[in-house]
């Protein structure tokens, strides 16, 4: 085990080798990335055909979108905001976002499926492959850019923080894909809408370890 004094010296040395941007520089960089991500993802949304209501009743569409958006925004705030601690959110908080967000999104969809049983009808051959690909197209590159911009070193839980951020980005993609996809049966949603969140969570965890882990620079600790 490394002594606390040695670990502290290694952290300070890592900070010296890689100076952090000022708060205003970091805020500007992240705001620019978010703006570019919104513009590009909206362009992709319309390039792929825009909104499709299909056979979904309007109250069903509005209800599922409103709840999903609320969950996605809460997840994004919880995953990307640092909270009161300089070390960021606690691992328990971040794990709750990574695990709870997909469950909440799926549960919310199932509630509306129960209210409108006709939305559970599955169409042959529509297992969700297109939605799966579209979800990843909307989420992978903004996640990579955001984690690259949020280069603060995380000595507590870099992998869990990255996973939570991956899920948060995936939840925002879920909202857009829900508006784009006219299907809402459970097997289709599980493959095309839910599975990409787990992929983005794994990717976010890996990128978090690669980009923000103190241990990545402190070999031998």
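Read-outs throughout are calculated quantities, based only on the coordinates presented, and are distinct from any laboratory measurement. These numbers were taken from a predicted model, which means no experiment stands behind them. Here the Cβ is made from the backbone with ideal geometry for all residues, glycine too, and neighbour counts use every protein chain on show.
Once the mean of 1/r is taken over each pair of separate Cα atoms and inverted, region 103-211 shows a Kirkwood hydrodynamic radius of 14.4 Å. Packing, taken as the mean count of other beta carbons within 10 Å per residue, orders the peptides 108-120, 199-211 from highest to lowest as 199-211, 108-120. The modelled label-to-label distance between residue 99 and residue 42, using points 7 Å beyond Cα along the C-beta direction, is 3.7 nm.
In this label model, residue 199 and residue 141 are separated by 1.5 nm, measuring between points 7 Å along each Cα→Cβ vector. Taken over region 36-181, the convex hull of the Cα atoms encloses 113 Å³ per residue.
Annotation for residue 124 and residue 210: the two label points, set 7 Å from Cα along the Cα-Cβ direction, are 4.3 nm apart. Taking each residue as 0.36 nm, the span from residue 90 to residue 35 lengthens on full extension beyond its C-alpha to C-alpha distance by 17.0 nm. Descending by average beta-carbon neighbour count within 10 Å, the peptides 46-57, 168-179 line up as 168-179, 46-57, the highest first.
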